[in-house]
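Below is one structure; the comments refer to it alone.
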Amino acid sequence: MGITQEPRVPVRPTVRWRARAVEQPDRYPSELLEAVDAAFDGYGAGVAALGGAPRDIEVMDRIEGVVTALNDLDERYGFIETIEREELCDHIDAVLTAHGVDLDALAGRAG
């Protein structure tokens, strides 16, 4: 019997944003950072709950959920600019990859 390890998920963008908040506290208020972390907590738990061979629709539902949550936060805080968008997308992808989702295959099937 082998040892099962937890997936290694990369550092969240909010870690970098907290460092930036030292210079730009109005840009990254603590309420925003906490809300983004909460959205990623839910997303990570949802992806982990899919198990080893999730259906594409299940993966896409998790992606849609976190993107909707982040867009709602952007409407409230106006924080998503190009760099944040890239960091958020990279993290969304990295969580999936860490849980064994083949993004290229998923994208190919989704067209």
- [ ] Relative to the longest principal axis of the C-alpha atoms of the chain, give the angle of the C-alpha long axis of helix 82-98, reported between 0 and 90° and rounded to the nearest 10°.
- [x] 30
Open item on the list: Between V11 and A48, what is 0.36 nm times their sequence separation minus the Cα-Cα distance? Round to one decimal in nm.
Closed with: 11.7 nm
TODO: Please list the non-local residues whose amide H lies under 5 Å from the amide H of R27, H modeled 1.01 Å from N, same-chain partners needing a gap of 5 or more.
DONE: none
Task: Per-residue HN-Hα couplings for the stretch 47-56 [Karplus 6.51, -1.76, 1.60; θ = phi - 60°; Hz; x = Gly/Pro] - done: 5, 4, 5, 5, x, x, 9, x, 6, 3
Task: Per-residue ³J(HN,Hα) for the stretch 25-39, Karplus 6.51 cos²θ - 1.76 cosθ + 1.60, θ = phi - 60°, Hz, x for Gly and Pro - done: x, 6, 6, 10, x, 4, 4, 5, 4, 5, 5, 5, 4, 5, 4
TODO: Can you figure out the FRET efficiency of R109 with S30, using R₀ = 35 Å and their beta-carbon distance, to the nearest 0.05?
DONE: 0.30
TODO: Compute the relative contact order of the stretch 33-110 as a whole-number percentage, counting only Cα pairs closer than 8 Å that sit 6 or more residues apart in sequence.
DONE: 35
TODO: Pop a pseudo-label 7 angstrom from the Cα along the beta-carbon direction at both R76 and D41 and give the gap in nm to one decimal.
DONE: 1.4
Task: Correct option for semi-axes √(5λ) of the Cα gyration tensor in Å [calculated from the coordinates] among (1) 27, 16, 12; (2) 46, 17, 13; (3) 35, 22, 11 - done: (1)
Open item on the list: Along the Cα→Cβ direction, 7 angstrom out, place labels at C89 and D102. What is the inter-label distance in nm?
Closed with: 2.3
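State the percentage of accessible surface on the stretch 33-110 attributable to carbon and sulfur atoms; use a 1.4 Å probe and exclude ligands, DNA and RNA. Intermediate values should be presented prior to the final figure.
Numbers: 2150 of 4280 Å².
Carbon-and-sulfur percentage of accessible area, whole number: 50.
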TODO: Please give the residues of the stretch 70-111, grouped as numeric ranges, whose backbone N is less than 19 Å from a label point set 7 Å along the Cα-to-Cβ vector of I57.
DONE: 106-111
Open item on the list: Over the chain, with the other protein chains present, what is the accessible area per residue in square angstrom, probe 1.4 angstrom?
Closed with: 64
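The values are calculated or read from the model by the stated rules, or taken from the named source; none is laboratory data. Just so you know, these numbers come straight off a predicted model, no measurement behind them. Cβ: placed from backbone, ideal geometry, glycine included. Neighbour counts: every protein chain shown. What goes into the accessible areas is simple: the full protein's heavy atoms, side chains included, and nothing from ligands, DNA or RNA. Shrake-Rupley method; radii C 1.70, N 1.55, O 1.52, S 1.80 Å.
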